[in-house]
Amino acid sequence: MDAEFSQPMKGISLKVLSVLVFVCMSTLIKAAGTDIATGQITFYRSAFAMVPILSYLAFKGHLRTAFYTKDIFGHLARGFIGILAMSFGFYGLVHLPLPEAIAIGYAMPLLAVVFAAVFLKETVRVYRWSAVLIGLVGVMIITWPRLTLMRDGGFGSQEALGALAVLLSAALGAVAMVLVRKLIARERTHTIVLYFSLSASCFSLLTLPFGWEPLPWSSFLLLMAAGFCGGVAQILLTQSYRYADMSTIAPFEYTSILLGLLIGYFLFDEVPSGIMLIGTAIVVGAGIFIIFREHQLGLERKGARKHVTPQG
């Protein structure tokens, strides 16, 4: 391991900072209002994210090479799926309490394990399958109070639709993760980041005829700031992987639920229910177990390679 990649505390710090900025992004979007078209939110999130991303690439001297790609169709596919995931996620975000939207979104890495096994033929053994199933039970515990027909409005209520939207966002996000894994094999990281924001901005413009309205200055500034935060958070997240391996920093993704609970309570008067907290604990526990298991398997594979590699 080189010197840069052996600084786990720096990697963890950057990861936690990226989580903080992503939660700030979600808070700004939620504060902008519930009557803004989802496609319009997605456009501002993607377009203004380009500002810090392009600035960072120019500063690092990667701007020219970042536009070079061997797989433009792969980037477009990832961008299209990603923009759908983002759109459904934002719809759920503005219609659900912030902590619930965050917690339901934790279904994405669980579903990514399933899709990686199906589409990438990755080996998933009984321990991880069990963790995925338990985690999905936790997701259902969180969402069921929103989906039950006993509530006024039933499945047609905004909260029920919001919960379904976040679940669909998680599924699409898992598909996007599979597409990113394929892209990583042949594309630079900064190229993947750049083309996602670029394609997401273009795809979201296609929703212009569907409910876009002139925004008041307050909403415009909030969405502009949200997009800028999204770009900064993506840079911080990408940089975190330079200093520590994924299994080290991934568990710190779950700090977002603590931030979401605090922000939801103090800014939006959202008090979490006991059922929501129980379901969240189950999902987080399952997610951490999967990360731990991935780390163990990674060490086993590394040891096996050392064992078969000729010495000298």
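Where a number appears in this text, it was derived from the coordinates with a stated rule and is not lab data. Treat the numbers as computed from the prediction; the structure is a model and nothing was measured. Using ideal geometry, Cβ is built from the backbone for each residue, glycine included, and neighbour counts are taken over all protein chains shown.
The magnitude of the dipole of the stretch 4-308, with charges of +1 and -1 set on the Cβ of Lys/Arg and Asp/Glu and taken from the Cα centre, is near 1380 debye. Only DSSP H runs of four or more residues enter the estimate; each adds -39500 (n - 2.57), and after division by the residues of the chain the mean residue ellipticity at 222 nm equals -26000 deg cm²/dmol. Helix screen, the chain: DSSP H segments with Cα axial length of 24 Å or more and mean Kyte-Doolittle hydropathy at least -0.5 are 8-32, 72-95, 126-147, 158-184, 189-205, 217-243, 274-308.
Largest first and in whole Å, the equivalent-ellipsoid semi-axes of the stretch 10-60 read 24, 17, 6, each the square root of five times a Cα gyration tensor eigenvalue.
Residue separation of M9 and F292 scaled by 0.36 nm, minus their Cα-Cα distance, works out to 100.1 nm of gained length. Spread over its residues, the convex hull of the C-alpha atoms of the stretch 4-308 is 147 Å³ per residue. Per residue, the average separation of C-alpha pairs within less than 8 Å and at least 6 apart gives the chain a relative contact order of 41 percent. With the Cα gyration tensor of the stretch 30-171 giving a ≥ b ≥ c as the square roots of its eigenvalues, does the rule (a/c under 1.5 for rounded; else a/b larger than b/c for prolate; else oblate) give rounded, prolate or oblate? Cα axes put the stretch 30-171 in the oblate bin. Binning all Cα-Cα separations of the stretch 1-102 at 10 Å, short to long from zero, yields these whole-percent fractions: 12, 31, 36, 19, 2, 0. Select from T189, Y44, L168 the residue farthest towards the positive end of the dipole of the chain; place +1 on Cβ of Lys and Arg, -1 on Cβ of Asp and Glu, and compute about the Cα centre. Checking the options against the dipole of the chain, the answer is T189.
The mean sequence distance of close C-alpha pairs (under 8 Å, at least 6 residues apart), as a share of the length of the stretch 57-201, puts its relative contact order at 48 percent. With one equal scatterer per alpha carbon and no solvent term, the Debye-computed log10 I(q)/I(0) for the stretch 203-263 at 0.14, 0.24 1/Å reads -0.68, -1.07.
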